[in-house]
Amino acid sequence: MRDPGGLRLTAEGEILLEHADAIAERFDLASEQLAAAAQGQRARLRIGAFPTALAAFVPTAIARVRETHPHAKVTVDEGTDDLAERIRSGELHLAVAFQDAVEPRHTPDGVERRDLFREHFRVALAPDHAMAGGPRIRLAELRDEDWTAAVPDGLIVHACRAAGFEPNLVSLTHDQLAIRALVLRGLAVTLVPELLAEPFRDLALLRIDGPGPARDVYALLPPGGRHPLVAPALEALEATAAELR
């Protein structure tokens, strides 16, 4: 309202001004919190990997990243055939995947592939199995055994077929603890990737005499616009892979 001394707020205006000041302060606080949250999200590296890599290989690489970037925040998530799509969508910044080594080298569309290492497999038997004593075994010698595998038409089954027999699958599971328990109790045999040699050390792990399965392990990353921690994480994966080789 206007009075002889100039303009001044009405009583209602004074009330609104107090609320406006409070709203402005809350807005400034919210802006700061949103900026902090966005910064935290940018700082968090999201890695996906197949289950066996998550059991040994990826944790070792993350520990290397933490040595040089102690404040780095990293989340890891399990994945298999969906890893490339999750890289393309931005859900993941980096992924560790594999393919059967007998197949032609394949790079999914829209991502970049970096080869890390070729991993071989060993036969896993119960320690008291009749054939557990030797350092090597031919897959054909296990044609009459019960088997456990992750999938009914994957690398393990293909290796058995290449050895001349169809495995009798009594268990299908990705759970490494379940696989270990089945083998340890003599309920099944299987093929174990070398990444799991240490966690499965209480089993009899025999090298395969003759041709055996292998898989190529590689990293997937976006072609550009990468998270700042992708480069040191990739270096850590490559250093860990070199030790495995």
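The values are calculated or read from the model by the stated rules, or taken from the named source; none is laboratory data. In this text the structure is predicted, and so the values were computed from the model without any measurement. With ideal geometry, Cβ positions are generated from the backbone for all residues, glycine too; neighbour counts draw on all protein chains shown. Heavy atoms of the whole protein, side chains included, go into the accessibility calculation; ligands, DNA and RNA do not. Shrake-Rupley method; radii C 1.70, N 1.55, O 1.52, S 1.80 Å.
Data table
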| quantity | calculated |
| --- | --- |
| Segment Glu67-Ala181, extension gain: residue separation times 0.36 nm, minus the distance between their alpha carbons | 37.6 nm |
| Accessible area, probe 1.4 Å, largest first, for residues Thr190, Thr60 | Thr60, Thr190 |
| Spatial separation of Cα centroids for the range 83-127 and the range 152-229, in angstrom | 14 |
| DSSP-loop trypsin sites (Lys or Arg not before Pro) across the range 37-125, with at most 11 other Cβ within 10 angstrom | Arg105 |
| Cα extents of the range 31-186 along the three principal axes, largest first (Å) | 67, 34, 25 |
| Mean accessible surface per residue for the range 170-226, computed with a 1.4 Å probe while every protein chain stays in place, in Å² | 46 |
| Trypsin sites (Lys or Arg not before Pro) restricted to DSSP loop in the range 167-218 with at most 12 other C-beta within 10 Å | Arg185, Arg201 |
| The range 42-138, accessible area per residue, ligands and nucleic acids excluded (1.4 Å, Å²) | 53 |
| Built amide H within the under 5 Å cut-off of Leu45, gap 5+ | Lys73, Val74, Thr75 |
| Two-site FRET efficiency, Glu85 against Leu244, from Cβ-Cβ distance with R₀ of 35 Å, rounded to 0.05 | 0.80 |
